[in-house]
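Reviewing the structure listed below.
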Amino acid sequence: MKDLLATVKSNVSIAENIYAITLTLTGPLKNISGGQFVNLSVGEGAMLLRRPLGICKIDGNDLTLCYQVKGKGTKKLTEAKAGDKLKVLLPLGNGFDLNEFNNIAVIGGGVGIFPLIAAIRAYKDKNFYSYIGFRNKAAVCLLEEFEKSKLLTVTTDDGSYGDKGNAVSAYFSDKNRPEADVIIACGPPVMLKVLKEELEKRNFNTPCYVSLEERMGCGIGACLVCTCKKSDGDNARVCKDGPVFNIKNINL
Ligand SMILES: Cc1cc2nc3c(=O)[nH]c(=O)nc-3n(C[C@H](O)[C@H](O)[C@H](O)COP(=O)(O)OP(=O)(O)OC[C@H]3O[C@@H](n4cnc5c(N)ncnc54)[C@H](O)[C@@H]3O)c2cc1C
Ligand code: FES
């Protein structure tokens, strides 16, 4: 884990309320798994608390993070411009380990698609079957990153692009759904909750790993801001023990 001062290369809008920021690091980032994340300073002054963002793309020394404008921090980040310096702590968390799997179902919703893109990029020789959902057409972005999937289904809640519905319902209602060795998923809490319920209802024994989003402070396991409940009643820190968990082992 390193705390680096990165230089902003670009920071552009890629969909309604969604930006991609590319940071140039002082050296290449190696051995990164999709699901790992960074803790990024969003500018000088009052915004001391860093914001966790999933690693989306790495090209040489360039690291791209994609973010939805939610509150003060991400709003401030939209003001960053080429040449600005931002502090970035990385890589954090565990990420998706797909080494033992070949056929991978990918279920992503909204900003949850960004860490899944890094997972697809990290494993060039695997077969991916992707089901990704957005709120509406204006929120659709980065479809090109899913094109290497053997199958790609895009949904929107209102049907303004792709199929009407969401990524979880698209997955379970797909009559031609290929057999997967593993499911990986990331999306809003309600999406992951429904995914867990559907898997349990159908007695699915395909392993399923999900990347969680929780409010965070330190990002390194020290402050306990990001605690979530495990199925056995114990607590887990999303930043340090996750953010990727076997869906069976956590309460959603
Ligand atoms: C491991 C991890 C990876 C993430 N990756 C991405 C990503 O790739 N792209 C992206 O757009 N967002 C991602 N998030 C969510 C992102 O961190 C929050 O949206 C961001 O910190 C909000 O900061 P803010 O100052 O703009 O909002 P605040 O003013 O702090 O809060 C505004 C709203 O956002 C909600 N919020 C704050 N923190 C989080 C959080 N951690 N998760 C979900 N909702 C939150 C608050 O409840 C509130 O409703 C990730 C979160 C985690 C924990
Ligand atoms: S954010 Fe501090 S322990 Fe997880």
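Any read-out appearing in this document is the output of simple, stated calculations on the displayed coordinates, not a laboratory observation. Predicted model, so just to flag it, every value in this text is computed and none were measured. For neighbour counting, all protein chains shown are included, and Cβ atoms are generated from backbone atoms with ideal geometry for every residue, glycine included.
Listed highest first by mean packing, meaning other Cβ atoms within 10 Å per residue, what order do 103-112, 176-185, 130-139 come in?
Taking the mean over residues of other Cβ atoms within 10 Å, the ranking is 103-112, 130-139, 176-185.
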Quiz item: If we sort 195-208, 83-96, 142-155 on the protection proxy, mean other Cβ atoms within 10 Å, highest first, what's the order?
Solution: 83-96, 142-155, 195-208
Quiz item: For the chain, what log10 I(q)/I(0) values come out of the Debye formula at q = 0.10, 0.12, 0.15, 0.16 1/Å, with one point per alpha carbon and no solvent?
Solution: -0.46, -0.67, -1.07, -1.22
Practice problem: Report, ordered by chain and residue number, the aspartates and glutamates lying within cross-link reach of LYS81, taken as a straight Cα distance under 16 Å and ignoring same-chain residues fewer than 8 apart. | Solution: GLU44, ASP62
Practice problem: Just rank ILE55, ILE250, fewest to most, by other beta-carbon atoms within 10 angstrom. | Solution: ILE250, ILE55
Practice problem: Under 21 Å Cα to Cα from LYS124, which lysines show up? Leave out anything in the same chain fewer than 8 places away. | Solution: LYS30, LYS57, LYS148, LYS150
Quiz prompt | Per residue Cα convex hull volume in Å³ - calculated over the stretch 103-211 | solution = 91
Quiz prompt | Percent of beta bridges antiparallel (DSSP, the chain, rounded to nearest 5) | solution = 60
Quiz item: Over the Cα atoms of the stretch 31-169, how large are the radius of gyration and the largest Cα-Cα distance (Dmax), in Å?
Solution: 16.0, 47
Self-check item: Relative contact order of the stretch 2-92, defined on C-alpha pairs under 8 angstrom at six or more residues apart (%)
Solution: 41
Self-check item: Value of [θ]222 nm, deg cm²/dmol, for the chain, DSSP H segments ≥ 4, -39500 (n - 2.57) each, nearest 500
Solution: -4000 deg cm²/dmol
Quiz item: Relative contact order for the chain using alpha-carbon pairs under 8 Å, separation at least 6, rounded to a whole percent?
Solution: 18
Practice problem: Using only Cα atoms, tell me the angle between helix 189-201 and the longest principal axis of the chain; keep it within 0 to 90° and round to the nearest 10. | Solution: 30
